[in-house]
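To start, the structure under review is shown below, and the notes come after it.
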Amino acid sequence: MTSVVVHDEFVRLVDNGRHADFHLRWLRHNCDVDRHPATRERLIDSAELPDQLAVREAAVDDGVLRITWLHDNRTSRYPLAWLERHAYAVNREAVPRPPSDVRLLELDGARGPTAVARDVLANVSQHGAALVRREHPNPEAETEAWIDALDARGLRVVGTHFGRIEDLRTDNTTNANTDQLGYTDAAIGFHTDQPFLDEPPRYQLLQSIRVADRGGDSLLADGEAALRYLASLDVEAADLLRRTPVRFHRQQKQFEREVVSPIISLRDDRVHVRSSYFTVAPYQLPFDRMTAWYRAHDQFVRILRDPRHHFAFRLRAGDVLVYDNHRMLHGRTAFAGARWVRGVYFDRAASAAEHDFEISG
Ligand SMILES: [Fe+2]
């Protein structure tokens with residue numbers, strides 16, 4: 001018994017544990033209606049098809065796959081025997097979508113920073129982030145305890161041009177160079193921090209001190225999983241992200257820095273993402289590469305922005321988020337009120353190896 005599963009860009013036929021995938025474009029290009037009734041020759045070129053195709057309905061009956069298309073309501077018929085003969089992606093391994101279930105990241109922080117630090121770093125190593133749910137009457141008094149707990153596990157605080165600890169609030173008086181989006185109440189889309197540095201800090205801790213009256217939800221997306229997912233749909237696009245150097249340029253009143261780097265680089269077998277729509281400089285690419293570059297870049301970001309592909313949650317006062325800034329992209333929704341989040345960057349201590357976290361005492 002053959003069944004059909006519709007995905008965004010393809011349909012999958014499943015039969016007895018075997019499956020075959022067909023792009024929507026390929027199917028519509030091979031629609032039985034677009035054939036001459038006498039000669040059965042194809043009557044159209046794929047170039048005549050709309051750029052975006054979507055399925056209204058798909059079903060298998062009597063050995064035939066029927067697809068009704070959204071844009072013109074036409075029903076196309078594909079005998080399963082014909083599909084079998086022309087299949088080009090049999091038993092293709094499905095790459096999972098980037099994760100979005102916040103429970104993957106959550107930890108109970110009731111025992112305090114020192115007791116939970118080991119689990120925090122294990123989560124960060126496995127999933128890219130840890131979200132510690134912790135109630136505390138006076139969270140700002142506990143920031144140093146979090147720093148000490150992570151320090152004892154092999155992380156070291158990295159100061160930046162903002163200072164040692166950032167107070168992300170609209171009425172900031174404690175930091176330098178606050179002329180940037182983080183210190184406003186504006187929405188901030190997915191990005192990695194400090195991509196304009198040669199060595200962007202590896203980790204960030206965000207500690208919620210005071211919540212907003214409205215909005216201020218946190219967003220987090222796994223860039224490594226998004227890249228894998230993109231590569232499974234469009235390997236050329238994923239290659240372009242690795243091969244195309246772009247310039248990141250941070251210009252503030254008292255600070256300026258720039259770096260030229262691809263958005264994706266591979267370091268020690270791990271993916272390092274640099275992505276920031278507000279610090280990327282105007283692209284300077286050869287004319288004949290610009291269109292392909294935009295297509296690849298925008299595909300990657302659209303995967304991240306799809307709500308099925310990222311974590312969305314609200315930090316409560318006392319909660320702490322720690323994430324890998326080389327792997328994860330983050331953002332927040334706009335807010336109203338006196339929201340206050342503290343941020344601290346970390347790198348690994350020189351002696352801490354990549355997989356030390358889980359095993360160190
Ligand atoms: Fe940020």
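Bear in mind these aren't lab numbers, they're just calculated from the coordinates by the rules spelled out. In this text, all values refer to a predicted model and were calculated from it rather than measured experimentally. Reconstructed Cβ throughout: ideal geometry from the backbone, glycine too, with neighbour counts over all protein chains shown.
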Next item on the list: Please determine, in degrees from 0 to 90 and to the nearest 10, the orientation of helix 113-127 with respect to the longest principal axis defined by the Cα atoms of the chain, where the helix direction is its Cα long axis.
Entry: 30
Checklist line | the chain, helix-only ellipticity at 222 nm - DSSP H runs n ≥ 4, -39,500 (n - 2.57), divided by all residues, nearest 500 | finding: -6500 deg cm²/dmol
Notebook entry, point to check: When the Cα centres of region 201-243 and region 310-328 are compared, how far apart do they sit, in Å?
Noted result: 11
Notebook entry, point to check: What residues have an amide H closer than 5 Å to that of Gly318, excluding those fewer than 5 places away on the same chain, when H is modeled at 1.01 Å from N in the peptide plane?
Noted result: Ser208, Ile209
Notebook entry, point to check: In whole angstrom, how far apart do the alpha carbon centroids of region 12-76 and region 126-161 sit?
Noted result: 53
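Taking chymotrypsin sites (Phe, Trp or Tyr not before Pro) that fall in a DSSP loop and have at most 16 other Cβ atoms within 10 Å as cut points, what is the longest piece of the chain between them? Present the calculation step by step, with values, prior to reporting the outcome.
Working: sites that count: Tyr88, Tyr277, Phe278, Tyr283.
The answer is 89-276.
Express the relative contact order of region 102-359 as a whole percentage, based on alpha carbon pairs under 8 Å and six or more residues apart in sequence. Don't skip to the answer; put the middle values down first.
Values: 536 pairs, mean separation 95.0, N = 258.
Relative CO of region 102-359 lands at 37 percent.
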Check: How big is region 1-124 by Rg and Dmax over its Cα atoms, in Å?
Finding: 21.9, 78
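Over the chain, what is the percentage of antiparallel beta bridges among all DSSP beta bridges, to the nearest 5? Mind showing how you got there, number by number?
Numbers: 73 of 76 bridges.
The antiparallel proportion sits near 95 percent.
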Checklist line | Options Ala152, Ser351, Ser3, ranked by Cα towards positive dipole end of the chain, top entry (Cβ charges) | finding: Ser3
